[in-house]
Amino acid sequence: MTTATATLTSLSSQAGFTVAAIDGEIDISNSVELETELSHAVPNDAAGLVLDLSDVTFVDSSGIRTLFDLAARLASHRQVLHLVVPADSQLRRTLVLLQIPAVMPVFPDHESATS
């Protein structure tokens, strides 16, 4: 059995948001560590987190739970979680099927996610 790898490839600030990009696979082997890393990356004065999942190739149910947990944690600080997922990606279709956009906004790019 191989362990999935999700790597935080960039972290920056844009229009008051912390912008983080991840690549790889998010599953039970790394979802808790990823949530912790992302939570600590967002300062209290940020509007929220823009999480770019454009280069994520797989997300299991624990990864989906991580998105909900991260959104709840940010909301407790009056911050928001915006996801960036290309419109034509398999991940976007999965998120739509799970009705994620009804709970947290999903955008096609950083610019629309931070405006």
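Region 1-41 and region 75-115 have Cα centres spaced 15 Å apart. Judged by the ratio a/c of the largest to the smallest principal axis of the C-alpha gyration tensor, region 6-114 counts as rounded, that ratio being less than 1.5.
Considering helices alone, the calculated mean residue ellipticity of the chain at 222 nm is -10000 deg cm²/dmol, with DSSP H runs of length four and up weighted by -39500 (n - 2.57) and normalised per residue. Taking amide H as placed 1.01 Å from N in the peptide plane, V56 has its amide H under 5 Å from the amide H of G24, each at least 5 places away in sequence or on another chain. Span-like helix check, the chain: qualifying full DSSP H segments, with Cα axial length of 20 Å or more and mean Kyte-Doolittle of -1.0 or more, are 61-75. Close amide H contacts of L81 (hydrogens built in the peptide plane, cut-off under 5 Å, sequence separation of 5 or more or a different chain): L49. Within the shell defined by Cβ-Cβ distances under 15 Å, the residues around D52 carry a net charge of -4, with Lys and Arg each +1 and Asp and Glu each -1.
Read the figures in this text as sums done on the coordinates, not as results from a lab. Keep in mind that this is a model prediction, so the values were computed, not measured. Here the Cβ is made from the backbone with ideal geometry for all residues, glycine too, and neighbour counts use every protein chain on show.
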